[in-house]
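**Student:** Here's a structure for you.
Laboratory data are not the source of any read-out in this text; all were calculated from the coordinates shown. Because the structure is a prediction, the values reported are computed rather than measured. When we count neighbours, we look across all protein chains shown, and the Cβ atoms used for this are built from the backbone with ideal geometry, even at glycine.
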Amino acid sequence: MTATRLLDQDRPGLIFTVDGVEVPARQGDTLLTAMLTAGLGHVRTSEFGDGGRAGFCWMGACQDCWVQVAGQGIRRACTTLVQPGLEVIRR
Amino acid sequence: MKVVVVGAGPAGIRAVEQLVRAGVTPTWIEESPDGGGRITQRPPAGFTRSAAALYGADAGRARRLHATLDAMKPRTDWRPDTLVWNIRPQDRVLHTQTDGAAQAEVPYDALILCTGAMDRVLPLPGWTLPGVTTLGGAQVALKAQGVGIGAKPILVGTGPLLWLTALQYAKAGAKPALVLDTTPFLTKAWQAAGMMWNAPTFLRGIGIMAALRLRGVPIAEDATPLAIEGVEGATALHWRDAAWKEHVTPCDAVALGWGLKPESQLADLAGVPFDYDALQHNWVPRRDAAGRAPVAGVYMAGDGAGIGGAEVAELSGARAALALLADAKLPSDAALTAHLDGRLRTEARFRAALERAFPYPAKLAARMEDSTPVCRCEVITAGELRAAAAADAPEMNRAKAFSRIGMGRCQGRLCGTPAAEVLASALGVTVAEVGRLRGQPPVKPIPLQQPAA
């Protein structure tokens, strides 16, 4: 799936990486917003063999958007703001 | 006297305001980086939309809430980015984690829980696909991030949030491909008189429904969602209209939500008993009209204490703080207390009509296909739950032990309501009789090396 930038998008750009690949984002994006608007499609893979997941609640409740962030451990993509150079690993 | 307020949404803000007014300096704990709650959530730094653009008809209320929030922070022990993950009621201690790491124990003499709510969902085949979110999630994406979950989403469920989110998406340039309300028009219309207890909100709702029709957004009422289709992500919704005709509507995202359920895990850990509220179709922590729990020193307010909406959250937050102050023999405003009691009684009449107007479609949950995953954390299906019922699980916690339902990373937040419907239906008993999943610490996952400390 691809989330769509609609409003309030005139913010400075930055670059972070997902699985070692550079991805453009904007200051104030959560990791979930940045990954899904960049067209990555999913943020993690279900451990139960039913494919990719891209979060669900967007408010820190469902725990379905966990990603690995270098130096920070496991984070919820929906409640973690993107930073320049942040290294995300999809699990 | 050590007073702790958990949550900085509308209820928490108004509770803290009354405490500070009485000379109390509470510890104020909020899981998010900033307060404001969900309805009046503020975007991160760098976003520039005005309050009017962000909150529409709620803009005035949002501005006032944010002004109080910012004024109160320096007058309290303000702890943002802080999760309360356990309560030891016998010692009156909270366990907290800040910024995902730093652990602390916070003692309290009195505690006000303002823990909010989340969407109540109904699992469908395909609901775990990327592109499927809650209605609340779809709204948070737009409000706090300026993004749509898709460019032509389908919104499914029932309740005011369904219609409001649809209009917000249409206005933002992502016109919904379909708004599917499981409630018949007449069910809603029958409650019109009761909803006049809050005439401005009711009329605003009517206006939203009219505006969507004017914009040509396809609307189906009394309709049934059947399945979400897709491989890498949601690409279509299969559904059935009121005349039992099946349709397939293409889309690039789907949002689901059937009203709200309290986030009341902390009340559970504090030892507060729960009652089944048949009207709300939710388990709610027991409290009196002022917000006192039957556990000494524990108070509750806002949607976490039973769904009432953002306006009620403000009223009940202030009311709970006044109850705490009166119980502690501290100065409290008697005139304001009487005023709040009156407002809360009127709002309860409005809420009763609203709940009847937008009921949770329990029958759809009970009829869920065996292959549908009820638990999205660990992909536990309705069939596995029915097998637990057949293996002599008379209530939810037994079914949990048999099937792992509610043991996943969300701790049963999402599956609890629909799983109870499936189990009750399989056992031929009421949903109240199968009980609820008991809260367990940590209420949200924390790093494994931390709790041992």
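**Student:** Taking the protein assembly as shown as the region of interest, what is the percent of Cα-Cα pairs per 20 angstrom bin, listed from the shortest bin to the one with the maximum distance?
**Tutor:** Going out from 0 Å in 20 Å bins, the protein assembly as shown shows 22, 59, 18, 0 percent.
**Student:** To continue, here is another question. To the nearest 500 deg cm²/dmol, what mean residue ellipticity at 222 nm is calculated for chain B from DSSP H runs of n ≥ 4 alone, each contributing -39,500 (n - 2.57), summed and divided by the residues?
**Tutor:** -10500 deg cm²/dmol
**Student:** For the stretch B:121-258, go through all pairs of different Cα atoms, get the mean of 1/r, take its inverse, and jot down that Kirkwood value in Å.
**Tutor:** Averaging 1/r across every pair of different Cα atoms and inverting gives 15.0 Å.
**Student:** Turning to a different aspect of this structure: Shielding by partners for B:131-140, please: the mean number of other protein chain Cβ atoms within 10 Å of each residue's Cβ.
**Tutor:** 5
**Student:** Might you report the magnitude of the Cβ-based charge dipole of chain B about its Cα centre, with Lys and Arg at +1 and Asp and Glu at -1, to the nearest 20 debye?
**Tutor:** Value, rounded to 20: 840 debye.
**Student:** Right, next: Hydropathy first: keep DSSP H helices in chain B averaging at least 0.0 on Kyte-Doolittle, then drop any whose Cα extent along the axis falls short of 24 Å, and list what survives.
**Tutor:** Both cut-offs are met by B:310-327.
**Student:** For the stretch B:302-373, what Kirkwood radius comes out of the mean inverse Cα-Cα distance, in Å?
**Tutor:** After inverting the pairwise mean of 1/r, the radius is 14.7 Å.
**Student:** As I understand it, the dipole of the protein assembly as shown uses +1 on the Cβ of Lys and Arg and -1 on the Cβ of Asp and Glu, about the Cα centre. Which of B:LEU54, B:GLY150, B:LEU178 lies farthest toward its positive end?
**Tutor:** Result: B:LEU54, furthest along the dipole toward the positive end.
**Student:** A further question on this structure: How charged is the neighbourhood of A:THR45? Take every other residue with its Cβ under 15 Å from the Cβ of A:THR45, and add Lys/Arg as +1 and Asp/Glu as -1.
**Tutor:** Every neighbour counted, the sum reads 0.
**Student:** Percent of alpha carbon pairs in the stretch B:183-333 separated by more than 21 Å?
**Tutor:** 63 percent
**Student:** Per-residue Cβ counts within 10 Å, from other chains only, averaged over A:44-53: what number is that?
**Tutor:** The per-residue average across the peptide is 4.
**Student:** For a quick size check, give me the Cα extents of the stretch A:14-89 along its three principal axes, largest first, whole Å.
**Tutor:** 33, 24, 24
**Student:** If you add up the charges near B:ALA227, with Lys and Arg at +1 and Asp and Glu at -1, over every other residue whose beta carbon is less than 13 angstrom from its beta carbon, what do you get?
**Tutor:** Neighbourhood net charge equals -2.
**Student:** State, as an integer percentage, the relative contact order of the stretch A:14-89 based on alpha-carbon contacts under 8 Å between residues 6 or more apart.
**Tutor:** With pairs under 8 Å counted, the relative contact order is 37 percent.
**Student:** Compute the length gained on full extension between B:ALA334 and B:GLN440: take 0.36 nm times their separation in residues and subtract their Cα-Cα distance, giving the result in nm to one decimal.
**Tutor:** Additional length available on full extension: 34.4 nm.
**Student:** Quote the charge dipole size of the stretch B:83-164 about the Cα centre in Debye, to the nearest 20; the model charges only the Cβ of Lys and Arg (+1) and of Asp and Glu (-1).
**Tutor:** 360 debye
**Student:** In this model, which of B:LYS171/B:LYS245; B:LYS175/B:LYS363; B:LYS188/B:LYS261; B:LYS143/B:LYS175 are farther than 22 Å apart at the alpha-carbon?
**Tutor:** Checking Cα-Cα distances, B:LYS171/B:LYS245; B:LYS175/B:LYS363 exceed 22 Å.
**Student:** Please state, to two decimals, what the Cα-based radius of gyration of the stretch B:188-277 comes to when divided by 2.2 N^0.38 Å (N = residues).
**Tutor:** 1.53
**Student:** Another one. Answer rounded, prolate or oblate for the stretch B:1-84, using the Cα gyration tensor with square roots of eigenvalues a ≥ b ≥ c: rounded when a/c is under 1.5, else prolate when a/b is larger than b/c, else oblate.
**Tutor:** Prolate, since a/c reaches 1.5 and a/b exceeds b/c.
**Student:** To the nearest 20 debye, what is the magnitude of the charge dipole of the stretch B:121-258 about its Cα centre, counting +1 on the Cβ of each Lys and Arg and -1 on the Cβ of each Asp and Glu?
**Tutor:** Value, rounded to 20: 500 debye.
**Student:** Right, another one. Based on the alpha-carbon set only, what is the convex hull volume of the stretch B:358-453 divided per residue, in Å³?
**Tutor:** Roughly 103 Å³ of hull volume per residue.
**Student:** Report the normalised scattering of chain B as log10 I(q)/I(0) at q = 0.07, 0.11 Å⁻¹, calculated by the Debye formula with identical scatterers on the alpha carbons.
**Tutor:** Per q value, in the given order, log10 I(q)/I(0) is -0.34, -0.89.
**Student:** Counting alpha carbon pairs within less than 8 Å and at least 6 residues apart, what relative contact order, in whole percent, applies to chain B?
**Tutor:** Relative contact order of chain B: 17 percent.
**Student:** While we're looking at this one, here's another question. Could you work out how far the C-alpha centroid of the stretch B:299-314 sits from that of the stretch B:95-126, in angstrom?
**Tutor:** The distance from the Cα centre of the stretch B:299-314 to that of the stretch B:95-126 comes to 15 Å.
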